[in-house]
Amino acid sequence: MKITGPGRELRIYIGESDQYKGRPLHHAIVEMLKAEGLAGATVMRGVEGFGANSRIHTANVLRLSEDLPVVVVAVDSQEYIDRVLPRLNEMVTEGLITIHDVEVIKYTHSKTEGSRTTVEPKVMEPSAKSEGSPEGGKAL
């Protein structure tokens, strides 16, 4: 599968100790994103941070926190990101969810079980012809 062109980056900021139905929330989110067919997701554990309650969470040995910041990041098309937002709204009871427009330069991998196999390039209709493109479109 190859994906290039306009996309959306989804970021979910939560705490390491956050739970969903008795298991770590970040793991439940990754499983849900995979089940919904997103291209991929990454969980990053922060070394320090604070949120709405202004309590600092840190990996500093002198102030060891059991609730370090965690960020789940996924990049995909607007269609796929929009499809998971209602479910994320239900799952994330405390935290922050952001979406950003991104330009995917390269995303490739070999076909594997469970991956999307039907990703067809699409042509976007710009308001004016793009330089270097006789059709005026941009392949995704």
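The set of residues in segment 63-107 being hydroxyl-bearing (Ser, Thr, Tyr), more than 12 Å from the chain's Cα centre (by Cα) and crowded, with 18+ Cβ neighbours inside 10 Å consists of 65 alone.
Within the bounds of segment 2-11, is there any residue that is at pLDDT 85 or above, surrounded by 18 or more Cβ atoms within 10 Å (Cβ to Cβ) and over 17 Å from residue 87 (Cβ atoms)? Yes, that holds for at least one residue. Taking first residues from segment 90-114 that are modelled with pLDDT of 90 or more and partners that are assigned to a loop (DSSP other than H, G, I, E, B) and surrounded by 11 or more Cβ atoms within 10 Å (Cβ to Cβ), the Cβ contacts under 6 Å between residues at least 6 apart in sequence or on separate chains come to 104/3; 104/4. For residue 34, the requirement of being exposed (fewer than 13 other Cβ atoms within 10 Å of the Cβ) and either of a type in the set (Lys, Arg) or modelled with pLDDT under 95 (or both) is not met.
Among the residues of segment 1-52, those that are of a type in the set (S, T, N, Q) and closer than 12 Å to residue 75 by Cβ comprise 4, 42.
Looking for something out of contact with any helix residue (DSSP H, G or I) (no Cβ under 6 Å at 6 or more places or on another chain) and either modelled with pLDDT of 95 or more or at positive phi (or both) - is there at least one such residue anywhere in segment 50-65?
Step one: list which residues in segment 50-65 are out of contact with any helix residue (DSSP H, G or I) (no Cβ under 6 Å at 6 or more places or on another chain), which gives 50-65.
With either modelled with pLDDT of 95 or more or at positive phi (or both) added as a condition, the list becomes 54.
Within segment 50-65, one or more residues are out of contact with any helix residue (DSSP H, G or I) (no Cβ under 6 Å at 6 or more places or on another chain) and either modelled with pLDDT of 95 or more or at positive phi (or both).
The values are calculated or read from the model by the stated rules, or taken from the named source; none is laboratory data. Keep in mind it's a predicted model, so treat the numbers as computed, not measured. Ideal geometry is used to build each Cβ from the backbone, glycine not excepted, and the neighbour counts take in all protein chains shown.
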